[in-house]
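**Student:** Dropping a structure here in structure tokens format, bear with me for questions.
The values are calculated or read from the model by the stated rules, or taken from the named source; none is laboratory data. Bear in mind that the values here come from a model prediction, so they are computed numbers and not experimental data. Because the Cβ atoms are built from the backbone with ideal geometry, glycine has one as well, and the counts that use them run over all protein chains shown. For the accessible areas, the whole protein counts, side chains as well, though only heavy atoms, and no ligand, DNA or RNA atoms are used. Shrake-Rupley method; radii C 1.70, N 1.55, O 1.52, S 1.80 Å.
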Amino acid sequence: MVRNRRGVALTAAGAMFYKDCRRIIRDIDIAFEAARGASSGKLGKLRLGVGVSTIHSLVPRALLKFRQSCPGVEIEIRDMSTLSQIEALIAGRLDVGFVRLPVKHPQLAVRQVLTERLTIATSAKFIGAVTMEGIQDQAFILIDRSVSATFHDHCISLCDRSGFAPRIVYEANDTFTILNLVSAGIGVSLVPGAVRAMHVTGVKFAPVHNKHAEWDIGMAWNKKSESEIIRKFAETCLPV
């Protein structure tokens, strides 16, 4: 600091030091606000794992509600099978997963959030009874087992319980492709009931009236990694 006839002024070094101090204080304030936001669950990152059954139903509604209460949280969504989600949750690569139940692992907290049902999908021009017996001689289009082994195996098991082995002509990587192939009359399929919401034209649906067509879906997270963000997201998904 130097004095002259006009008063007191900072030296060049002092001015630089003052500028640095202001920047440091500003950075501390930003860091403090970020820490406060993270501790309250309003800032941070949420890595979600979803499967063929939840991407069209529960997850979009939950995310919309969660966004309204926590707009500062960055959300990353990964389409993964149940087994892949479990591995990622245990390894810390995923925060929350939506998995087919039952899942039993000492590191994971699991809460049921949804019950789904296999639904028959046929072309709108299909003639005949839209039942398991009515489609047993048709060509089948199913989800590829590499995408979801549990869902694929469930479809095969339901056909077996209905007294036939499906004649599979194509295995697709996603339900949108399946529904469009069904619409084109290539074959019939078994899909989660929630895919009705995709509104693919030229497809008609019918529920399978068999208790073995149902399965439960749960929300899972690693107990060791539980955070306020996870707790807030769980509030939007878990039944009251």
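**Student:** What FRET efficiency would be calculated for the residue pair K125, I77, taking the C-beta separation as r and a Förster radius of 51 Å, to the nearest 0.05?
**Tutor:** Rounded to the nearest 0.05, the efficiency is 0.90.
**Student:** Out of the total accessible area of region 116-240 (probe 1.4 Å, heavy atoms of protein only), what percent is carbon and sulfur?
**Tutor:** Here carbon and sulfur together make up 50 percent of the probe-accessible area.
**Student:** When ligands, DNA and RNA are left out and all protein chains stay put, how many square angstrom of accessible area per residue does region 70-111 have with a 1.4 Å probe?
**Tutor:** Per residue, region 70-111 has 50 Å² of solvent-accessible surface.
**Student:** Another question about this same structure. Using θ = phi - 60° and the Karplus curve 6.51 cos²θ - 1.76 cosθ + 1.60, what whole-Hz ³J(HN,Hα) does each residue of region 104-112 get, with Gly and Pro shown as x?
**Tutor:** 10, 8, x, 7, 9, 9, 9, 10, 5
**Student:** Let me cross-check V59: its accessible surface, 1.4 Å probe, with only protein heavy atoms counted, in Å² to the nearest 10?
**Tutor:** Solvent-accessible area, nearest 10 Å²: 0 Å².
**Student:** Which entries in the list K65/K232; K65/K223; K104/K223; K45/K224; K125/K204; K104/K224 go over 18 Å, if you measure between the two C-alpha atoms of each?
**Tutor:** Table pairs above 18 Å Cα-Cα are K65/K223.
**Student:** Please give the FRET efficiency for R67 paired with R111, using the beta carbon to beta carbon distance and R0 = 22 Å, rounded to the nearest 0.05.
**Tutor:** Step by step, r from the Cβ atoms, then E = 0.55.
**Student:** Would you pull out the residues with amide H under 5 Å of A139's amide H, same chain only if 5 or more places away, H placed 1.01 Å from N?
**Tutor:** Hits under the 5 Å cutoff: V188.
**Student:** In addition: If you plug each phi of region 122-139 into the Karplus form 6.51 cos²θ - 1.76 cosθ + 1.60 with θ = phi - 60°, what whole-Hz ³J(HN,Hα) values come out, in order, with x for Gly and Pro?
**Tutor:** Working through the residues one at a time gives 10, 5, 4, 8, 4, 10, x, 6, 8, 9, 4, 5, x, 10, 5, 9, 7, 6 Hz.
**Student:** Which residue, V203, S146, V99, has the largest displacement toward the positive end of the dipole of region 94-231 when charges sit on each Cβ (Lys, Arg +1; Asp, Glu -1)?
**Tutor:** Of V203, S146, V99, it is V99.
**Student:** A further question on this structure: Please report, in debye to the nearest 20, how large the charge dipole of region 75-182 is about its Cα centre when each Lys and Arg carries +1 at its beta carbon and each Asp and Glu carries -1 there.
**Tutor:** Here region 75-182 has a charge dipole of around 220 debye.
**Student:** Rounded, prolate or oblate: which fits region 147-189, taking a ≥ b ≥ c as square roots of the Cα gyration tensor eigenvalues, rounded meaning a/c under 1.5, else prolate when a/b beats b/c?
**Tutor:** Taking the square roots of the gyration eigenvalues as a ≥ b ≥ c, region 147-189 is oblate.
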